[in-house]
Every structure is written in C-alpha cells, then in structure tokens.
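Below is one structure, written out as structure tokens; comments come after it.
Just so it is clear, none of the values below were taken in a lab; they were calculated from the coordinates. Everything quoted here is computed from the prediction, not taken from an experiment. For neighbour counting, all protein chains shown are included, and Cβ atoms are generated from backbone atoms with ideal geometry for every residue, glycine included.
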Amino acid sequence: MKEKEWDKISDNYLEEILSPFNKGVENPIYHVLKSIKSKKKVIDLGCGLGILAPFLSKNFKEVTAIDFSEKMIETAKENNKTLKNVNFQIKDIKDLKEFHNQFNVAVSVNSIIMPSLIDVEKAFQESYKILKTKGYFIGIFPAIESEFLDALLTFEKQLKETKDEKSAIKNTHKIVGENYDFLLGIINYEGKQKHYYNFELEYRLKKVGFKKIKISKVLYPWKIYGDSTIKNKPEIWDWFVTARK
Ligand SMILES: C[S@@+](CC[C@H](N)C(=O)[O-])C[C@H]1O[C@@H](n2cnc3c(N)ncnc32)[C@H](O)[C@@H]1O
C-alpha cells in the first residue's frame, strides 16, 4: 500500500486492521521492551496513529516515531500531544540515512509490509543501520502461514456444512479470497501487503547482518479475529521477532 492508501484508512484504523494492539491480544512487545537495559533512544518505524508512543515515552528517554503517511503522523501528534519526549516525523523506512548508528532500539509493528521485495530489502537494511552496535530490533510481521490455517479451518467448516468436497473448496476460495501470491508472500486485501514465512524472516534478518534472532508468535484469539464459532483450534498469529546488531 502507498502513502495515500494509508492516509485513507487512518480515520478508522483499529476497525479496519487486525492489530496486535487490539484488546484481548497478548502482545509480548511490552515486557520485551521493558526488559531491555539500554533505554536511551528508541525509534518506532511506521508508527501509524502512535498507539505505542505513550508506552515508549514512559520507558525511554528519547522517542522518535516515523511514518510516511502525513495523515497518520498528523493524528499521531494529535493523539499524543502531552508527550514531551516523542518526536513524530514524516519519513520513509526505506531511507533513514540521517539516523544511521543512532538508536539503542528500533521497533517495527507490521510496518515492513511494502509489496515490493526490493523495498522490503531496503527497509530491513535501514532497520539494521539505524541501530548502534548491539542495538535491539523488535518487530512484528504478518505471518503468511496464518493464511493457510485460516483456509484450512474454513474448508473443514464448509465440508461439515455442505458434506461435499467440491462445494467446500469453492466456498473456501470465496470466503478466504483469491488474492494470494504464496510464492512471494504478497496478499491483496484492498492494497497489496507483504506477509512472511518464518524461514524467510530469519533469512532476511541474517542477510542484513542481524544476530541473536528469535522468532515467536503474537496470537490472535478467534473471538477477536471474527469467527467466534471456532473454538479449541490453533489461533492465527503474527511473527514476533527480536534481534541484535
Ligand atoms: C499496519 S500499520 C501499523 C501502524 C503501527 N505500527 C501500529 O501497529 O499501530 C502500517 C504503518 O506503516 C506505515 N508504513 C508503511 N510503509 C512505510 C514506509 N515505507 N515508510 C514509513 N512508514 C510506512 C503505514 O503508513 C502505516 O501507518
């Protein structure tokens, strides 16, 4: 999605986007950020409406929060007027030369999702370069494997209802959608977004130089995701990443 597309959804952001900041999601980002000792300078890459800003402001000395959508930054500033140590700026994650080697911690919550794989590579490179030596990268990334789980559970439900495999497959395609490029992990909702395989995240992080990479999950309970009829089944998830420069 381009800047202007993000501008458009900024008004109804939490209704339109499944966010790890939604109520009911256990997001490990808070305790991981709290556990980091070097709390001087943090940057939030693709900060959106600045949902994380109050927490960062409380726990770090200086906070920089960037987004390439003017509208997101405008609202983020408005929402966080009282925070004295947060500096919101309109900037693109793909070009952060002016910030190289400056931060103890870089956070990216579902913001390295540009549909161009060249842009994705640049964003990973810049996320590495803006950190000081031994700096922490904390990221949340959409998991493409989650889409398979969603499709599988939808298919099982359809099969139970229709008792016919052909109809169940057809209905699953209709319900889950057809706009997936599983080879490259690009999904077209109303605008294309990059999703990640677990191995791919590790590959991309290593490629730009990150060490001590740990990947776990942020789980979305089904009642939040929208299908409250699904119980006792694995939940869909985003990838949660910690890595060091
Ligand atoms: C899914 S939202 C996440 C926002 C925020 N991190 C949160 O979790 O609430 C993605 C955000 O990344 C921003 N974004 C996407 N590509 C970007 C880029 N190349 N440079 C800066 N921001 C970008 C979008 O404008 C949008 O605000």
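What to note about this one:
- Residue by residue, region 19-32 carries 3J(HN,Hα) couplings of 10, x, 9, 4, 4, x, 8, 8, 9, x, 4, 5, 6, 5 Hz when phi is fed to the Karplus relation 6.51 cos²θ - 1.76 cosθ + 1.60 (θ = phi - 60°); x denotes Gly or Pro.
- Within straight-line cross-link reach of K174, lysines at Cα separation under 24 Å, skipping those fewer than 8 residues along the same chain: K157, K160, K163, K166, K192, K194, K223, K231, K233
- Solution diffusion estimate, µm²/s, Stokes-Einstein, region 14-161, Kirkwood Rh from C-alpha pairs, 25 °C, viscosity 0.890 mPa s: 149 µm²/s
- Filter on K134/K217; K37/K212; K217/K245; K37/K91; K91/K214 - keep pairs with C-alpha separation over 19 Å: K134/K217; K217/K245; K37/K91; K91/K214
- Whole-Å distance, taken between Cα centres, linking region 1-72 and region 172-204: 22 Å
- Looking at region 15-92, the pairs of alpha carbons with a distance over 22 Å make up 23% of the total.
- Set of aspartates and glutamates with alpha-carbon distance to K84 below 15 Å, sequence-local pairs under 8 removed: E62
- Counting only DSSP beta bridges with both residues in the chain, the antiparallel share comes to about 50 percent.
- Reachable aspartates and glutamates from K2, criterion Cα separation under 15 angstrom, eight or more residues apart if same chain: D67, E70, D92, D119, E190
- FRET efficiency, 1/(1 + (r/R0)^6) with R0 51 Å, evaluated for I169 and E70 via beta carbons: 0.70
- FRET efficiency for the pair F182 and N85, taken as 1/(1 + (r/R0)^6) with r the Cβ-Cβ distance and R0 = 41 Å, rounds to 0.45.
- Gained length - E190 relative to K39, 0.36 nm times residue gap less alpha-carbon distance: 50.6 nm
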